[in-house]
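Data block below; observations after.
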Amino acid sequence: MATMGSPSHQLRKDVGHLKYTDLLPYNKDGYAATREFLLKVTELLVEFVKDTHDRNKKILDFHHPAEMLRLLDLDVPDRGLPLQQLLDDCSKTLQYQVKTGHPRFFNQLSCGLDLISMTGEWLTATANTNMFTYEIAPVFILMEHVVLEKMRDIIGFRGGDSILAPGGSISNLYAFLAARHKLFPGYKEKGIHSIAGQLVMFTSDQCHYSVKSCAAVCGLGTDNCVEVPSDERGRMIPEQLEKLILERKARGHVPFFVNATAGTTVLGAFDPLEPIADICHKYRLWLHVDAAWGGGLLLSKKHRHPRLTGIERADSVTWNPHKLMGTLLQCSTVHFKEDGLLISCNQMSAEYLFMQDKLYDVRYDTGDKVIQCGRHNDIFKLWLQWRAKGTEGFEKHMDRLMELAAYMTRKIKSMPDKYHLIVEPEMVNVSFWYVPSRLRGMAHTAEREKILGEITPVLKGRMMQAGTLMVGYQPLDERPNFFRNIISSAAVTEVDVDFLLAELERLGHDL
């Protein structure tokens, strides 16, 4: 990217010294200055896109917080600054921003920079409309209706309802609320006194923390979010689920909700949906599938089964396109088998927004379906991306990511002296320890794992300071820190996987 103050980032002097009041809408004659300023900002963004995909550029220029505060001028002034300074601020912000679209950024579940989806986000920001009524967002509301219906059809629901929510955690919360409302409709008006007994929910010990958060936020208490043991590959054990349900029923509690995870955050494991659905049917419990991470594999004929077999039996499903599908942040959906639950559960009928005597079909007013009222437009970037790729293009993307994960797994297995695979991956999460030279002759024991766990954050620190690579790490259960590599970016190739393994060796061999 061009350096600060370079000619490519300079406005003409007669424009650079202007203030925001010289632009539209404050100055009705300010179109020329507005256009020049916005085009320069756009040039900055396009340069950042170019640099993001340049393997010779660093992913980040790392600085500790105190040093970063010295490098940046973050003061919020009393008097507004000129346009040239604002443009320089944009440039410097990008200069120190992590390039999450870089082919060697493997750090998060959401990686990559899909340019069509990015284009949609630019348009969305410019349109700047809310999503609570058809009245103010007619095109986007209809897009949402069509795309979400398509997604429900892919899941296997016939009819039903859906909504876009601000992240998978809130999508899971909407599922929880709808389940409670379905089974205990008096709760909305009467509260906890309408339920004769302690509500209890169940989820695997590998689930996303937002599931336990639902219990805390909604009054159950985290003690009543029962963690079901998982097997050695991170999948819920159905027999343990049934045992725990019976234990709680024997105590007079009211089991009502089971969360199954399709693609756990760390290991990428898929809970066995068919036997879990059988148990939910037997005891009349709501089945929610948190497929925020793994939902993208619904688009792959090759990889959908057996991982997601039985998902059509769920009552609700969370699915985040901003993860495996590569849609820009944020884009999270939650889907319900039964239509009408969302509106029945959350409707407050605010008269200043949701009048019933409007000139159009008010069923397209979506704001009363959600507790948040206003919603960001997260649909256009997904709709435009789907138009570009088609369902076929998404399927090819899913298959390619899985192919790359398999390639990385084979490479790790081919170097058992340098790398230790934690578990055979079900998805694109490849979890492993890097083994430095001094430990390569040591038997793999708990003591060795302890040392490897201590080395992992040190190597991550070297990685960030070098700026050439980013891979996340974490502990899990009895396992100390290990690397969790995520391949979800369309930019990644086998060359990048090879670089990753070679770079870890370069940075960590002497640890």
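The values are calculated or read from the model by the stated rules, or taken from the named source; none is laboratory data. Worth saying up front: this structure is predicted, and the values here are computed from it rather than measured. As a convention, Cβ positions derive from the backbone with ideal geometry for all residues, glycine included, and neighbour counts pool all protein chains shown.
For every residue, the table says whether it meets (1) among the aliphatic types (A, V, I, L, M); (2) under 24 Å from the mean Cα position of the chain (by Cα).
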position: 427; (1), (2): yes, yes
position: 433; (1), (2): no, no
position: 450; (1), (2): no, no
position: 457; (1), (2): no, yes
position: 463; (1), (2): yes, yes
position: 475; (1), (2): no, yes
position: 479; (1), (2): no, no
position: 486; (1), (2): yes, yes
position: 496; (1), (2): no, yes
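Residues in the range 410-426 that are surrounded by 16 or more Cβ atoms within 10 Å (Cβ to Cβ) and not in a strand (DSSP E or B): 411, 412, 418, 422, 423, 425, 426. Take the conditions in contact with a His (Cβ under 8 Å, 6 or more places away or on another chain), in contact (Cβ under 8 Å) with a residue 60 or more places away in the chain and under 23 Å from residue 234 (Cα atoms) and apply them to residue 399. Does it pass? Yes; evaluated as a whole, the condition is true for this residue.
Evaluated against (1) at pLDDT below 95; (2) over 22 Å from residue 171 (Cα atoms); (3) crowded, with 16+ Cβ neighbours inside 10 Å, residue 238 falls short on exactly one condition, (1).
Just one of 338, 312 is closer than 20 Å to residue 176 by Cα, touching a residue at least 12 places away in the same chain (Cβ under 8 Å) and assigned to a loop (DSSP other than H, G, I, E, B); which is it? First the steps, then the outcome.
On the way: 312 fails: assigned to a loop (DSSP other than H, G, I, E, B).
Checking each option against the conditions leaves just 338.
You will find that of 458, 435, 428, the residue that is in the same structural domain as residue 495 (by TED's automatic domain parsing) and touching a residue at least 60 places away in the same chain (Cβ under 8 Å) is 428 and no other. Taken over the range 309-324, the criterion of being more than 10 Å from the chain's Cα centre (by Cα) and either crowded, with 24+ Cβ neighbours inside 10 Å or not basic (Lys, Arg) (or both) is satisfied by 309, 310, 311, 312, 314, 315, 316, 317, 318.
Counting only helices (runs of 4 or more DSSP H) that fall entirely inside the range 1-100 and contain at least 3 residues that are closer than 30 Å to residue 115 by Cα, the qualifying elements are 31-52, 83-95.
Can residue 343 be described as at pLDDT below 95, hydrophobic (A, V, I, L, M, F, W, C) and more than 30 Å from residue 475 (Cα to Cα)? Full working, then the answer.
Values: at pLDDT below 95: yes; hydrophobic (A, V, I, L, M, F, W, C): yes; more than 30 Å from residue 475 (Cα to Cα): yes.
Considered against the rule, which asks whether it is at pLDDT below 95, hydrophobic (A, V, I, L, M, F, W, C) and more than 30 Å from residue 475 (Cα to Cα), residue 343 comes out as yes.
Against the condition over 28 Å from residue 101 (Cα atoms), out of contact with any His (no Cβ under 6 Å at 6 or more places or on another chain) and touching a residue at least 40 places away in the same chain (Cβ under 8 Å), how does residue 120 come out, does it pass? Taking the combined requirement at face value, the residue does not satisfy it. Among the residues of the range 214-225, those that are in contact (Cβ under 8 Å) with a residue 40 or more places away in the chain and either over 18 Å from the mean Cα position of the chain (by Cα) or surrounded by fewer than 17 Cβ atoms within 10 Å (Cβ to Cβ) (or both) comprise 217, 218. Number of residues in the range 172-195 that are surrounded by 21 or more Cβ atoms within 10 Å (Cβ to Cβ) and among the hydroxyl-bearing types (Ser, Thr, Tyr): the value is 1.
Here is the figure for the range 104-150: residues that are of a type in the set (Ser, Thr, Tyr) and in a helix (DSSP H, G or I) total 4. Test residue 403 against the criterion of being in a helix (DSSP H, G or I), closer than 30 Å to residue 140 by Cβ and over 19 Å from the mean Cα position of the chain (by Cα), and give yes or no. In short, no.
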